[in-house]
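Please read the structure below before turning to the comments.
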Amino acid sequence: NDLKKDSRGALIVLEGLDRCGKTSQSARLLSSLEGLRYSVESWRFPDRTGVGLMISSYLSNQSQLDDHAIHLLFSANRWEKRSLMEAKLMSGTTLIVDRYSYSGVAFSSAKGLDFQWCKVKKKNEVGLLAPDLVFYLDISLEKAAERGGYGGERYEQLEFQKKVAESYKKLTDASWKEKVTYGSPSCFSEIPATVEEKEAAVMSVNEASLIEK
Ligand code: TMP
């Protein structure tokens, strides 16, 4: 459909605890948007190439890094992909992104880093592309822990995930709409309520938004 190609793509972000089902939901959203004949791609952060190689080594406990340093590497990892993301969005491709700046805040602050220092709207994330829609996939800690592979990486421990859940909650209170299963960042004046509405809204938007100061 030509109309769908003419307008920019939407930046859709999925957030949540480890093992909350983001991978499955990304795949479902991908196939449903493909079914509607949208040009759409599924992405994830951290992207484990470039700076992401250091992140991957840290996550698998093969290296140690200062908490602030790894926080900034996660941010650098998003910056590395910024221009490609923008090019994709501007050429009409919708991106479904598994984790984004919100994970940066939720996980780093759960470790004890100052919440204000980590915040999405602090300098190191300002200027990255702002999502059009954020889904928060809510799952109980116990359910997440039961799922296969839990415990394989650095952050996949029940006690830590509990703190991450609290940080996400704080993040939701601070800038997201009060919906448990999904929230949208408040930096958008017009927040589409559903993906369907977003699809309609995308038709009339031609510039990618930025994370605000
Ligand atoms: P993944 O399992 O979704 O690939 O994510 C790897 C881990 O990295 C996950 O435990 C969440 C964490 N993370 C951060 O701590 N900060 C970030 O900015 C991102 C994107 C992920």
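Assorted remarks:
- Cα-based convex hull volume of the range 1-151 per residue, rounded to whole Å³: 115 Å³
- For a paramagnetic label modelled on Q157 (point 7 Å from Cα along Cα→Cβ), amide N atoms under 19 Å away belong, within the range 32-60, to 56-60.
- Per-pair calculated FRET efficiency, R0 = 22 Å: E41 and A76 via Cβ, rounded to 0.05: 0.55
- The range 46-128: equivalent-ellipsoid semi-axes (sqrt of 5 x gyration tensor eigenvalues, Cα, Å): 23, 16, 10
- Sorting the segments 89-102, 7-20, 53-66 by their mean number of nearby beta carbons within 10 angstrom, highest to lowest, gives 7-20, 89-102, 53-66.
- Whole-Hz ³J(HN,Hα) from phi, Karplus 6.51 cos²θ - 1.76 cosθ + 1.60, for the range 35-41, glycine and proline x: x, 8, 6, 7, 7, 8, 10
- Computed FRET value (nearest 0.05) for K170 with S91, which takes r as the C-beta separation and R₀ as 41 Å: 0.70
Read-outs throughout are calculated quantities, based only on the coordinates presented, and are distinct from any laboratory measurement. All of these numbers come straight from a predicted model, not from anything done at the bench. Here the Cβ is made from the backbone with ideal geometry for all residues, glycine too, and neighbour counts use every protein chain on show.
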